[in-house]
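Note sheet for the following structure.
What follows draws every value from the coordinates through simple rules; no lab data is involved. Keep in mind it's a predicted model, so treat the numbers as computed, not measured.
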């Protein structure tokens, strides 16, 4: 009788009759043994992260330096820390995902590298930095799949806030904020008995002229408050709609708080001492107004809770 033997190694025992007798049939190995597979997997991971570190080392070094030196973007230190915290908090669910690698990840990685090349050649820091997030997204999709990427979409998208906005966009936002704060202060100060003559972003008072400079435009508190509003909404509120309202409300709250700061400075100059508008009091007022902004954000959240609680009672009734 003919025997079918597929994918096997035939080991012949010489002591037996060599005609049609097989002493042992051993299966042919079809994959790398477990320890070796784990070793090569770790080696591949180390090489991959080494290449990414080599590509983005100088870019990340400059980014951290900008966080440290530019007060407008000092909130960048907290962004990756919070993103890691969110993933760590959700680690039990993330570990349960079955890996479903997708070749679309390679396409995302190639696109990210093209963005990196354009950013480096064009000396555009924003493109160079944003390409890192695209590379991270591509790696996640390639190794873990789209389902896993959707599970960590929030912390990944939150990382965008750590990247300073381009200078051209920054300037387009800052100057209108300067004019808006000047207009609000010039409209309110006369109600407090302070004569005002506004010329652009300069408020002329009887005691001295106040210039609403870029640092006083409110862009710093706007970026920081927006980031904190997202963090606060994630930690304190489970409903997506309320989180969105809190994040969007941070814009008018920051503008209103900055206008209050300029109005307070005008009153300080007119009724106390013009020198108090500079130095310690000026810096302290910035911190004080930011605390007021946080209080306004908290008050808005409490108000939304009261309103939604009332609606629930009506529905239950």
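Results, tabulated for the structure shown:
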read-out: Rg(Cα) / (2.2 N^0.38 Å) computed for the range 152-212, rounded to two decimals; value: 1.69
read-out: Contour excess over end-to-end distance, with Cα ends at residue 167 and residue 306 and 0.36 nm allotted per residue; value: 45.9 nm
read-out: Volume per residue of the C-alpha convex hull in the range 168-316, rounded to whole Å³; value: 126
read-out: Taking the C-alpha atoms of the range 113-206, convex hull volume expressed per residue in Å³; value: 127
read-out: Two-decimal ratio, the range 36-164, of alpha-carbon radius of gyration to 2.2 N^0.38 Å; value: 1.12
